[in-house]
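Every read-out reported here was derived from the displayed coordinates using simple, explicitly stated rules and does not represent laboratory data. These numbers were taken from a predicted model, which means no experiment stands behind them. Because the Cβ atoms are built from the backbone with ideal geometry, glycine has one as well, and the counts that use them run over all protein chains shown.
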Amino acid sequence: MEASANRYSVATKSGRNFWLNNVLRRAPLIMMTVIFTMIGFRYLLRPVHSAAAAGISFTSAGGVTIARIGFGAFPISLAILAFASLLYARWRLPLLFMVLTVDSVVIVVRLLSFLLDHSTATAGLLAPEFVLMALSINAIRLESGLRASTQS
């Protein structure tokens, strides 16, 4: 009978490697929870001020309500889902894909805006977005490997 490290469940391993894998599998979800909570509450609590700081102005109360929903409610909803996946392991992999999807769309839209609007005012945000993308891809691989090893 052959004894191989590949045959043992990741869940049974202990030590630094296990701890690091746990952190890396959760890091994108923690980042998304924090970032989207900050964005959401900023626009829920002070939509006019927050939008003005970004060069956006509203001409009606309806516009402020739309900003609260679009810039406040949607980010907080995504933050709640990301946080819930930290609590419920079965949600983790699908929501890691959600983080990757949201981040990828944000990057594509930001790059498209550079081309269409000729503005690179938010170019500094690309680096953390690519870091989040890389962490998400890594977390998906780790989580998928964990699930495969526990199912066999």
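Some observations on this one:
- Scalar couplings 3J(HN,Hα) for region 24-36, obtained by applying the Karplus form with A = 6.51, B = -1.76, C = 1.60 to θ = phi - 60°, are 5, 6, 9, 3, x, 5, 5, 4, 5, 4, 5, 4, 6 Hz; x denotes Gly and Pro.
- Two-site FRET efficiency, Leu125 against Ala84, from Cβ-Cβ distance with R₀ of 25 Å, rounded to 0.05: 0.45
- With Cα atoms, 0 to 90° folded angle of helix 89-117 axis to the chain main axis: 40 degrees
- For the chain, diffusion coefficient by Stokes-Einstein and Kirkwood Rh (Cα), 20 °C, 1.002 mPa s, µm²/s: 122 µm²/s
- Cα centre as origin, Lys/Arg/Asp/Glu Cβ charges: region 13-151 dipole, Debye: 540 debye
- Mean sequence separation of contacting Cα pairs (under 8 Å, at least six apart), scaled by the length of the chain, corresponds to a relative contact order of 35 percent.
- Region 135-152 and region 50-70: distance between their alpha carbon centers, rounded to Å: 41 Å
- On Cα atoms only, tilt of 74-87 relative to the major axis of the chain in degrees: 20 degrees
- Taking other C-beta atoms within 10 angstrom as a stand-in for reagent exposure, Glu129, Glu143 fall in the order Glu129, Glu143, fewest first.
- Structure-based [θ]222 nm, the chain - -39500 (n - 2.57) summed over DSSP H runs of at least 4, per residue, nearest 500: -25500 deg cm²/dmol
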